[in-house]
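In what follows, a structure is listed as structure tokens, so that the remarks can point back to it.
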Amino acid sequence: MEQDVKQNVTDDTIIKVRDLRINIKVDEGTLTAVRGVDFEIKKGETLGLVGESGCGKSLTSKAILGINDKKCKASGEIIFDADGMGPVNLLDLNPRGKEIRSVRGKQISMIFQEPMVAFSPMYTIGDQINEATRLHITKDKKESKKISLEVMKKVGIANAEKRYNQYPHEFSGGMLQRALIAMALVCNPKLLIADEPTTALDVTIQAQILEIMKELQKDFGMSILFITHDLGVVAGMCDRVAVMYLGRVVETAPAAELYAHPMHPYTQGLLGSVHKIGTKNQDRLFSIEGTVPLALNLPAGCGFYERCSKRIEGVCNAYDPELVDVGGEHKIACFACTGCPNAKKEGKADE
Amino acid sequence: MLRYIGKRLLLFIPTILIISFVIFFVIQLPPGDYVTSYVASLSAQGEVFTPEDIAYLRDSFGLDDPWYVQYFNWIKGIITEGDFGYSFNYGRSVWSVIMDRLYLTMGVSFVILIFQYAVSLPVGIYCANHQYSAGDYIWSFIGFLGTATPNFLLAILVMFWVYKATGQVYLGLFSTEMLQNGMSWKYVPEFLGRCLIPLFVIGTSGTCSIIRTVRAQMLDEQAKQYTLTARAKGCSEATITYKYALRSALNPVVSGMAGSLNTIFSGSTVSAIVMNLQIQGPVLLAALRSQDMYLAGTIVMIQAVLVVTGMLLSDIALAWLDPRIRFSERG
């Protein structure tokens, strides 16, 4: 087992997610919110995880840190080459144990969607950033404060010494997001998970934050898992993109390739609904018909079947497509694009 | 902050004056006065009063003046001489009547207060951290039961059970032996034992409601985003519970403490009567019933002062606890 795990992580892969499934117990039964997600992130790379609300992208990212609600049960593999432990499946670690806590905040850290509520209102910003430093780097008060202040300056917080002693309600949203980024980067993590970090900010601040993130990535050399529903943001930030729909990755490709040749009907729909400045578009923006079905007692077949314009009756509603490599690191899960399921798949579906 | 406290203290004086005026007005509202009820109760026992006797009594107590003159004299006495008036019931000064029971009341109430918070905070935290566990259900059940059961009923039940179990009647804080021989150190264990029943009975209802508050608040705070941030940072569950969630959850508990000062002074009334406790509550009830107006007025006024002081103290505590309140006051 140990051997297998080690082989799974090649030199330049930071994290590898295999067949991640997350079940949530609700009153009506078990909701399968994430249904077998695969992806990996290479060193220094930014992977964009794109999808609409409720597709499981946030759950996936929180599963990496093991900070999902107790009601969520995750299975599958999240292989991470942790310092001091070697490659481990993060899902095997006790979510309240010491090992996972030495990964959280130090090797993998996370920034959140709404910076305004991400800090406790009771403690100063400095105290909360410094907490990460003290937990993972040094217990020495002077030393840790120095490190924390340095990072605060790096993320562009002017007057850091004064700001260090201020409370969250004295910060603006953009400044709080900078502080949150400082807190995430203070231990120089290998992977930064950014869960819609700019969604709650207005557009000019959004651009500033994205710019800072790109610069810091060059500085710190970390990989980023960038979660968003905004394809416009992805284009500027990400090297590769994975599109999620209803708890599965339906298409993944290098960012440029995905924008040039979107193949999955869902991706095409998403790109069609982005407004492009400069086009004389008199028509309404394209929208995908219908809504995401509830992931409870899902029927067999492709999750996008009901809303798909290219669906093949008798195939798409009978089998669930898997990711197929179509060349050039472009993978797609769609029968309409890659052809009908072969005999092997039929056999699998019968099981 | 200091300016704010100064401002609050200045407001304190008119507030108390207005309250004292209202108290006095309300207390003298019922028809008749102390002499009426005094004569009525003695007549019932066969005593005969001539109208001259009654007029003499009324004159000697100063009850013939209009009520606002009585009020003015009373307040003047308090401010100039620290004299709170005369208790008709006890036949001595109001202050000495209050002092009689002050230490005992404060002692009993203070212990009850400590007991309440010492039990309810840990239990509330436990219930929030183990939501929907067996322990949570058991404590929630006890909590609802304790909140819903009237104290005096619980007092009777507990005294009955204790009697069944030990064959002893524990009524009041002092045994007859103690009262006859005077207090000495050898009675201390028995006295403490006798304190247990009131402690349990009066403490329960408060304890239960604080448990509910703490549990609900902790759950609220744990569901907030900053808890997740702290966890993602690598904080231990203990840090999340005590440093983050508990600190925010304390706000309503601290504002709930505003009334505690008054509780310490007066203690409970109905349960105290049932358990025959020599504390302040029953004295007030008796004074109100016999229209012993200066005694009643003084007790209610002290209570008002304590409530207002308690609020000020809890506001200061809140400002110390929550930086958001601290800063909005400054502006």
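The values are calculated or read from the model by the stated rules, or taken from the named source; none is laboratory data. Please read these numbers as outputs of a predicted model, since none were measured by experiment. Note that each Cβ is placed from the backbone with ideal geometry, even for glycine, and that neighbours are counted across all protein chains shown. We work out accessible area using only protein heavy atoms, side chains counted, and drop any ligands, DNA or RNA first. Shrake-Rupley method; radii C 1.70, N 1.55, O 1.52, S 1.80 Å.
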Original post:
Has the stretch B:272-288 got any residue that is open to solvent by 40 Å² or more (accessible area, probe 1.4 Å), within 29 Å of residue B:11 (Cβ to Cβ) and part of a helix (DSSP H, G or I)?
Top reply: yes
Subject >> Qualifying positions in the stretch A:92-121 - at the interface with another protein chain (Cβ under 7 Å from one of its Cβ atoms) and touching a residue at least 40 places away in the same chain (Cβ under 8 Å) >> reply: A:105, A:106, A:109, A:110, A:112, A:114, A:118, A:119, A:120, A:121
Original post:
So which helices (runs of 4 or more DSSP H) are wholly in the stretch B:16-131 and hold at least 3 residues that are closer than 19 Å to residue B:262 by Cβ?
Top reply: B:94-129
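Name the residue that is least open to solvent (accessible area, probe 1.4 Å), counting only residues in the stretch A:82-141 that are in a helix (DSSP H, G or I) and of a type in the set (D, E, K, R).
Here is the first cut: in the stretch A:82-141, the residues in a helix (DSSP H, G or I) are A:90-92, A:98-103, A:115-118, A:125-136, A:141.
With the extra rule that they be of a type in the set (D, E, K, R), the set shrinks to A:92, A:98-99, A:101, A:127, A:131, A:134, A:141.
Details: A:92: 120, A:98: 165, A:99: 93, A:101: 58, A:127: 57, A:131: 24, A:134: 90, A:141: 143 Å².
Here the answer is A:131.
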Original post:
Could we say that residue A:53 is crowded, with 17+ Cβ neighbours inside 10 Å, under 15 Å from the mean Cα position of the chain (by Cα) and not aliphatic (A, V, I, L, M) here?
Top reply: no
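In the list B:204, B:241, which residue meets the criterion of being within 17 Å of residue B:123 (Cβ to Cβ), open to solvent by less than 30 Å² (accessible area, probe 1.4 Å), away from chain A (no Cβ under 13 Å) and not aliphatic (A, V, I, L, M)?
B:204 is the lone residue from the list that is within 17 Å of residue B:123 (Cβ to Cβ), open to solvent by less than 30 Å² (accessible area, probe 1.4 Å), away from chain A (no Cβ under 13 Å) and not aliphatic (A, V, I, L, M).
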**OP:** Determine whether residue B:113 is open to solvent by less than 70 Å² (accessible area, probe 1.4 Å) and modelled with pLDDT under 90.
**Re:** yes
Original post:
residue A:146 versus (1) more than 12 Å from chain B (Cβ to nearest Cβ); (2) open to solvent by less than 10 Å² (accessible area, probe 1.4 Å); (3) not β-branched (Val, Ile, Thr): which is the lone unmet condition?
Top reply: (2)
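Kindly indicate whether any position in the stretch B:68-76 is open to solvent by less than 70 Å² (accessible area, probe 1.4 Å), more than 16 Å from residue B:291 (Cα to Cα) and under 32 Å from the mean Cα position of the chain (by Cα). Show your work before the answer.
Start the filter on the stretch B:68-76 by keeping residues that are open to solvent by less than 70 Å² (accessible area, probe 1.4 Å), which leaves B:69-71, B:74-75.
The next check asks that each one be more than 16 Å from residue B:291 (Cα to Cα); those that pass are B:69, B:75.
Of the ones still in play, those that are also under 32 Å from the mean Cα position of the chain (by Cα) are B:69, B:75.
Within the stretch B:68-76, one or more residues are open to solvent by less than 70 Å² (accessible area, probe 1.4 Å), more than 16 Å from residue B:291 (Cα to Cα) and under 32 Å from the mean Cα position of the chain (by Cα).
For the stretch B:135-185, give me each residue that is closer than 18 Å to residue B:120 by Cα and open to solvent by 70 Å² or more (accessible area, probe 1.4 Å).
Pass one, the stretch B:135-185, residues closer than 18 Å to residue B:120 by Cα: B:135-149, B:151.
The answer is B:137, B:138, B:139, B:141, B:142, B:144, B:145, B:147, B:148.
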